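Have a look at the structure below, then the notes.
Every number in this text was worked out from the coordinates using simple rules, so none of it is lab data. Remember, it's a predicted structure, so these values are computed and weren't measured experimentally. Neighbour counts run over all protein chains shown; Cβ positions are idealised from the backbone, glycine included.
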Amino acid sequence: MLKKIQICLCFFFVLGILYEISLLSGCFFSYMPMSKHFLTPEQVLNLGKSIIFLETTERLEPPPLVSCSVESAARIYEDRPIILFMKGLTNDTVLDLNSSYTAFSLLSSMKNVFIFPLQMESVFQETPLLQWYNEQEKNWVHVSSDASRLALIWKYGGIYMDTDVISIRPIPEESFLAAQKSQFSSNGIFGFPAHHKFIWDCMENFVLKYNGNIWGNQGPFLMTRMLKAICNLTDFKGTEDHSCQNISFLNPQRFYPIPYPAWGQYYEVWEKSPNFNHSYALHLWNFMNHNRKAVVAGSNTLAEKLYKAYCPTTYKDLIQNAELRDFTRSGDAA
């Protein structure tokens, strides 16, 4: 009897080792989507090299651009966890594959996409940001997003992306900032390994120099002043990247080939579409989109072409099918 118990224990021990190995390899995602729903955010983040998105409003239905951003990352980084943290989502919220939220169901069905509640107090634990957070208003969407992305990347490492970034090819760098223009860094996309000193220093400066009345003071201006403190920044020439202190400062062409003053070009028809051969991803400047320009099926805009190429499921389910449903409803009303 004792021998049988020992054999059983050995068997389960071996199974445990094999499971841990599977978690550390791309084979993990072959078990998706069923087993992923039993994992906690920490378990997924500890797998390493996550691509992290944040939704710091209370909305539960990701709009098409958010869905496109997450889907495109899931397709480009098939062997990495893609995590969407949503502030409006709670552990008691019942949202699954059968959800009435079309975009939520679409993203949940992707094998390497994980959607978790964004619990800021937990995120800020053991960082310089916790005391700041406890003393501030909790409804500052952009400032809380600036803080959360720093804490998550410092704790777990990986790449942070804004939810209006469409991935088109893998980023080869591990420690990088994205230049929005010469000598000016964005915080809309960046990547570092866990516990990197630069990110810790950014969190300390976030609190020390905090000013909620200046837009971007805790965002791109923070990244820029911290980078300038350790590097002698110069203008970019051509499509070269810069490097300093083992941090790559990537050329504006990598993510911002269309600069923010020209953001509307994404929603225009081009006689000849750009190839973006020097880009890893494209930032669509949704913050500038006050008129709420959207992708429309059949419009032949640059944005529509990007959706078709890099997030085809979002395009089909949220753009084409939505128009078909609207047409059907208008026909019934008539």
Applying a 10 Å radius around every beta-carbon, put 221-233, 61-73 in order of their mean neighbour count, most first.
61-73, 221-233
Checking the table K272/K305; K36/K111; K181/K228; K36/K308; K49/K197; K49/K111 against a 19 Å threshold on Cα-Cα, which pairs fail?
K36/K308
From Cα pairs below 8 angstrom and at least 6 apart in sequence, can you work out the relative contact order of the range 38-252, rounded to a whole percent?
20 percent
Normalised contact order of the range 107-162, rounded percent, pairs of Cα under 8 Å and 6 or more residues apart
28 percent
What is the pair-distance distribution P(r) of the range 38-252, computed from all Cα-Cα distances in 10 Å bins starting at 0, with each bin given as a whole percent?
8, 35, 37, 17, 3, 0
Once you place label points 7 Å from the Cα toward the Cβ at A194 and K49, how far apart are they in nm?
1.5 nm
Determine the shape class of the range 180-221: with a ≥ b ≥ c the square roots of the Cα gyration tensor eigenvalues, call it rounded for a/c under 1.5, and otherwise prolate if a/b is greater than b/c, oblate otherwise.
oblate
Filtered GluC sites (Glu not before Pro), the range 165-267: DSSP coil and at most 11 other beta carbons within 10 Å:
E240
